[in-house]
Amino acid sequence: MTGDTAPAYDVAIIGGGPAGLSAAVELKRLGVASVVVIEREREAGGIPRHCGHYPFGMREFSRVLRGPDYAARLVERALRVGVEIRTRVSVTSLKPGPQIDVSSPDGLATIRARRVLVATGVREKTRAARLIGGTKPSGVLSTGALQGLVYLDGLKPFSRPVILGTELVSFSALLTCRHAGIKPVAMIEPNARITAWRASRLLPGALGVPLMLGASITRIEGRAQVEAVEVADRSGRTSRIEADGVIVTGQFLPEASLLRDSHLAVDSMSGGPCVDQFFRLSDPAYFAAGNLLRPVETAGWCWAEGRAAARMIAGSLAGTLPEPTPRAGLALMGDALKYVVPQRLVAASGAPRTLQVRVRRPARGTLSVVVSGQNLWSQRIDALPERRILIPLDRLPIDLNGPVHIVFAEDKA
Amino acid sequence: MSRSHAQSGFDVAVVGAGVVGCAIARRFTLEGAKMIVLEKAPDILDGASKGNSGILHTGFDAPCGSLEQSCIASGYSEYLDIRERLGLPLIRSGALVLAWTEEEEARLPELMQQARDNGVGDVEALTSDEILRREPNLSRRVRAGFCVPREFIIDPWSAPHAYLLQALTNGAELRRECEVLAGQFDGSAWRLETSAGEIAATCVINAAGLYGDLVDQTLRGVSDFHIRPRKGQFVVYDKAAAGLVKSILLPVPSATTKGIVVCRTAFGNLLVGPTAEEQTARDEAVLVPETLAQLQERGTQIVPALSDIEVSAIYAGLRPATEFKDYQIRAHREINLITVGGIRSTGLSSALGIARHVFSQYLELGHAPHALTDPIWPTVAQISEAGERSWQTPCNDGVVCHCERVTRAEIEAALEGPLAPGSFAGLKRKTRVTMGRCQGFYCSAELARLTKDRLKHPMSGAPDDR
């Protein structure tokens, strides 16, 4: 008997969204023989499956697609090149080996693979995690839940909700409402500026939705269904908006609960796994890509990241990837900084990549990379939360003899 | 009371299907009474019973000689006796009573003596080193404490579900959306006018919880107590937190409250709460962000590693406190009415004991039913982390709610049977769907599909109530 311990697959990919599917296709293209994608939903495709609006697919298919069509194409392409997609299989634990324990409709099973890519994506921060007060009526939904109900089931959970947040996903929620004939009564943003790119600022106006900046929801009212929300401005003055729903959008968090329960190291700053510049986790047989790495990027970005990670995994299988040690940790200095990904650098050439940095609040200042007291790179930034900041890693002559500091010197207000 | 009369109606109508009403329905059914349970909400456990901390208390800190203490003691031992036959979980966590200040430390000997006086003789004093050896993730600021080895964690919903299910399986009836509006006692029996028609019963038991005084006023014209709803807010941490503490962590209690508890749940989460806030509203427990943040801070003071773990749920419950300290259980002999009021805070632990106590009062009223010789013992679905879950077994038909790992088979089973939910909130209490870290982000659409045309009150979105 060899079946008990021999890996059944070269690579097992957990999560069939854009990152997982693009990695699977790229692995096949690079000649990796057996690749399986493990997906817990009934269909692979990930979040775009229920984003029934444009624009998806420019980078991947050179055309503008709706989310569900984009997801279907990703799946179709993976199946065409011989990727095995196992749906309705939930991973319950990650173990050294690598070994993956799963639950399927038939019960428990174990999957062994030579390498594992974790691409479990993100979810929105809930009303509970934001400690929003008031009662707990029906009609308080995340964008994800709203889109599932509207696009997958044709339901209309409310008709006059407020939208909390102004990230890209908040505008996605707005479009979803329009699709379903739902008329939001306000868009509420705690910061003084809109979070998504300025162009989208036109959108709520164009759709006749008042935008309230510097305001937060302090209380949700209603017994069975939401009846109103109490909104406070920066001075603490409150007003009451009648609404029958609240869409709590964005503030994405990596869906990292599997990692937290495992032997793999998690970064408390990003909420995702600790990775090096080769997408490699603390157990070098495990890799990660897509929004699990950090909240949050577009589907196209995740798709590209999946493809890049696939090349590293292929290299790892071929024995050409640099050793995971020695490595240096990256340290953040400046309290506006929220995270940096990767969190670790291996002393190796190749792997042309970037460091991804984000801020936790709107901030202006100078961002630098400092190694052993020496400033290697600097740039002025005017940053908002949830917006991408990139440091080009390939141009940094990083000497890993000393700690690497990402320093953000904020302008004095 | 003659059996012939009861044939035209019920022996006993219980008003209120909280944990106490469910336990009374079970006890009386097993003793041979023909029972009906009247609940005004679309689902059972919709009042005080939906927001407790899920602890099976020994009653070590209850007032000595109180009715509460004796009901907790007998309820506790009956739960241990029957739980396996009904499929109910038990997590043998034990509890630690912790002193964080000099004043609290000074009160420990007195509390330990009270425990021994209450028949909880196995309490044991612990130094801070001993406490930290047991609970290495606890803040090093802890001064001293004692352990109560037989305080356990249970599932606050499956227990009352099982009690009522056993009653129903053995012949009791349940009417939901059935509010008692008026009632006449004609000298031998009651005619209750309800929102769902007239119901005849020889005896009425008022177990209306937060509405106990109002139901007494409706039926007797007067109430011996006033309900003073006491709100308790909780924060619940995600699964990663449950591994941080083994024991139930109790503070030194004050005169009015047991204080803020840090405790694993039967479902593998960790809760911090409750607060104790008096209010007048009986039907609305408002969450206050500042208070929730304080609870989070308190949790982090006790278990510092909590600062790194996300809050997965927030909720508030109302306890039916009164102006009295003890339970208000009284038989009104002349009108065949037993009032079971003021069951504040300890009802989950004491319900089975209360049911026995109330049944003894019923016998004193002159009733003499014949106990069932061979009652049926149905089991409830096992949804706690204490035993094997559906997702771990074949034929589960796939996981739907990924955070709480609730399978399609579990949801389908919950939607059938005598206790099939009437609302989405009821389904949540039976299965835990959408109660995990994503609060319905992933599974709302699938749930809408599964419950379509199967709930009397369909989900309009993903209801966020508990």
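Observations on the model:
- Taking 0.36 nm per residue of separation and subtracting the current Cα-Cα distance, fully stretching the chain between A:Ala318 and A:Leu207 would add 34.6 nm.
- Amide proton proximity set for B:Ile55, modelled H, under 5 Å, gap of 5+: B:Ile154
- Distances between every pair of Cα atoms in chain A, grouped in 10 Å steps from 0 to the bin holding the largest one, split as 5, 21, 29, 25, 15, 4, 0, 0 percent.
- Per residue, the average separation of C-alpha pairs within less than 8 Å and at least 6 apart gives the stretch A:133-248 a relative contact order of 34 percent.
- Per-residue mean of foreign Cβ neighbours for A:147-157 is 5 (Cβ atoms of other chains, 10 Å radius).
- Dividing the mean sequence gap of close Cα pairs (under 8 Å, 6+ apart) by how many residues chain B holds gives a relative contact order of 22 percent.
- Residues whose amide H lies under 5 Å from that of B:Thr265, counting only those 5 or more places away or on a different chain, are B:Leu270, B:Leu271; hydrogens are built 1.01 Å from N in the peptide plane.
- Ranked by the mean number of other Cβ atoms within 10 Å per residue, highest first, peptides B:447-453, A:267-273, B:268-274, A:324-330 order as B:268-274, A:267-273, B:447-453, A:324-330.
- Total formal charge among the other residues, if their Cβ is under 10 angstrom from that of B:Ala48, Lys/Arg +1 and Asp/Glu -1: +4
- Per-residue shielding of A:253-262, expressed as the average number of other chain Cβ atoms within 10 Å of the residue Cβ, stands at 3.
- Inverse of mean 1/r across different Cα pairs in chain B, Kirkwood, Å: 22.7
- Residue-averaged beta-carbon neighbours from other chains (10 angstrom radius) around B:393-400: 6
- Calculated [222 nm] ellipticity per residue, helices only, for chain B: -9000 deg cm²/dmol; basis is -39500 (n - 2.57) per DSSP H run with n ≥ 4, divided by all residues, nearest 500.
- Cβ-Cβ FRET estimate between A:Asp411 and A:Ala33, R0 fixed at 60 Å, reported to 0.05: 0.65
- Stokes-Einstein translational diffusion, the stretch A:3-128 - Kirkwood Rh over all Cα pairs, 1.567 mPa s, 4 °C, in µm²/s: 86
- Proximal charge balance of B:Ala386 [Cβ under 11 Å; K/R count +1, D/E count -1]: +1
- The stretch B:252-302-the stretch A:61-126 distance, computed between alpha-carbon centres (Å): 39
- Under 12 Å, Cβ to Cβ, from B:Cys403 - net charge with Lys/Arg +1 and Asp/Glu -1: +2
- Distance in nm between pseudo-label sites at A:Ser93 and B:Ala281 (7 Å out along the Cβ direction from Cα): 4.4
- Cβ-derived FRET efficiency at R0 60 Å, B:Ser139 paired with A:Val64, nearest 0.05: 0.65
- Between A:Ser235 and A:Leu108, full extension at 0.36 nm per residue minus the direct alpha carbon distance yields a gain of 40.2 nm.
- Pairwise FRET efficiency - B:Thr393 versus B:Glu198, Cβ, R0 = 60 Å, nearest 0.05: 0.85
- Extension gain, B:Glu412 to B:Arg333: 0.36 nm times the residue separation minus the Cα-Cα distance gives 23.9 nm.
- Contact order relative to length of the stretch A:330-410, as percent, for alpha carbon pairs under 8 angstrom and 6 or more apart: 40
- Residues B:Phe324, A:Phe408, sorted so that the one with the fewest Cβ neighbours within 10 Å comes first: B:Phe324, A:Phe408
- The DSSP beta bridges internal to chain B are antiparallel in roughly 70% of cases.
- Residues A:Tyr9, B:Tyr327 in ascending order of nearby Cβ atoms (within 10 Å, fewest first): A:Tyr9, B:Tyr327.
- When all alpha carbon pairs of the stretch A:330-410 are counted in 10 Å bins from zero, the resulting P(r) reads 18, 57, 23, 2 %.
- Label positions at B:Glu290 and B:Glu102, each projected 7 Å from the Cα along the C-beta direction, are separated by 3.1 nm.
- Rounded, prolate or oblate (a/c below 1.5 giving rounded, otherwise prolate when a/b exceeds b/c) for the protein assembly as shown by Cα gyration tensor: prolate
- Cα gyration tensor category, rounded, prolate or oblate, for the stretch A:133-248 with a/c compared to 1.5: oblate
- Between the stretch B:131-188 and the stretch B:47-114, the alpha-carbon centres lie 11 Å apart.
No lab work stands behind these numbers, since they all come straight from the coordinates. Just so we're clear, the structure is a prediction, and the values are computed from it rather than from any experiment. Every residue, glycine among them, receives a Cβ derived from its backbone with ideal geometry; neighbour counts consider all protein chains shown.
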